[in-house]
Amino acid sequence: MTYRSELKRIGQLLSMAALLAVPAGAQQAAGTATTVKRPQVQSSGMACDPVGTLSFLCGMGNAEDLVTLPGTRWIVAGGIGDRRGVPARPGLRLIDSKTLDWHHWIPEGPMAVAHDATAFPGCATPPDVKKFMAHGIAARATGPQRARLYAINHADRESIEVFDVDTGADMPRATWVGCLMPKAPLNTNSVTAAPDGTVYATVFIGPGHNIDEVFAGKPTGEVITWRPGQAESVSVPGTSLSGPNGIEISPDGNLIYVAAFGSKQVHVFDRKGKNRGIAQLGNYWPDNIRWDDQGRLVAAGMNNNDAKCVEPARLEDADPKSACYKEYVVEAVDPATLKVTPIDKAPTTLTFSHATVALIRDKVMLMGTVGADRLAYRKLD
């Protein structure tokens, strides 16, 4: 069974709202992003008021991943479309880390296009902006006031869409330059890139495996990679894990860190796939991992303290009173010692559940989710 069919089985790919139409072959400059202020009541019918230690950025919906645009105040949030009755525009958003205002970004008007046929020979056309569903994302600086952004897309095609970003303008401007296609029938989950342009992505569930094996802690997926100019993905030997999910790379590009969802671990590999260590996390399902401004890896995910919620059919229960609304756990991993330190944990709330990522910047932690019409944030001591 493929990863796409498993996603459908647990409700992770539902219908998406239509967006702006773009004529075939359009290559115009991207439109100005739209600023969104925080309304008081959301599409879920739930107020945007703080709950406990959490405050919210409401209205963006189902932002599964977060990443900082290097050298800027901007944070990019993914958008995987409608889920659990929460209408959400697919695409990417920008969050101003200083003001916490957020903006619809990609697409916001016709998509700017400048295909790099040398770097991305297997993909010459941009994604359908009405269907662009941004799952895992990554960003790396490529020069002064320049960055490259990667976004996994599960909609009109299974791909990693690649954008060059001008970060010197008041509002970053993105140009699509190509995409990477995983070898069929693989589907990717999270992505990162080395300084030399080599791209790595996780395959959560590979061919012949299923979600039940993930919850049993059995190997189900791996890390795949593309070198610059390589059209087809190849496996990184030795990276078979139980639900490989979040992925990061060391600043020098020599080590790869992978969150294993099923075994509740972070594995460290060199770029040839040799395992260099394992950090054992707490009793929760780790999703994405992110570097913080102290040089730690931050893992976040859903607590699995309710046995009923381990059943795949219940993971996306749409009943607001469901016991399967999930509390979150956030931990830090020291990359040198692999020592794990708790950062935060909170009980279930009806307004924010199914946490998938924690991004810490200037002592403020933002959290994304696959099951709410908002991001959560809080100050850290």
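Where in the range 116-142 does the amide nitrogen come within less than 19 Å of the point 7 Å from the Cα of ALA231, taken along Cα to Cβ?
Output list for this probe position: 116-127.
Among LYS218/LYS326; LYS98/LYS272; LYS98/LYS130; LYS326/LYS379; LYS130/LYS274; LYS183/LYS345, which pairs are too far apart, with a Cα-Cα distance over 32 Å?
Checking Cα-Cα distances, LYS98/LYS272; LYS130/LYS274; LYS183/LYS345 exceed 32 Å.
Sort TYR284, TYR377 by Cβ crowding within 10 Å, fewest neighbours at the top.
TYR377, TYR284
When only DSSP loop residues count, what trypsin sites (Lys or Arg not before Pro) in the range 182-283 have their Cβ near at most 14 other Cβ atoms within 10 Å?
In loop regions of the range 182-283 (DSSP not H, G, I, E or B), the sparsely surrounded trypsin sites (Lys or Arg not before Pro) are LYS183, LYS272, LYS274.
Find the centroid of the Cα atoms in the range 356-376 and in the range 138-186, then give the distance between the two in whole Å.
21 Å
Does the range 134-288 classify as rounded, prolate or oblate by the C-alpha gyration tensor (a ≥ b ≥ c root eigenvalues; a/c under 1.5 gives rounded; else a/b over b/c gives prolate, otherwise oblate)?
Note, shape of the range 134-288 comes out prolate.
Starting from the 7 Å offset along Cα-to-Cβ, what nm value, one decimal, do you get for the label separation of THR198 and ALA141?
Modelled inter-label distance: 2.2 nm.
Since every read-out is calculated from the coordinates, none of them should be taken as a lab result. The model shown is predicted, which means the values in this text are computed figures rather than measured ones. So basically every Cβ, Gly included, is an ideal-geometry build from the backbone, and we count neighbours across all protein chains shown.
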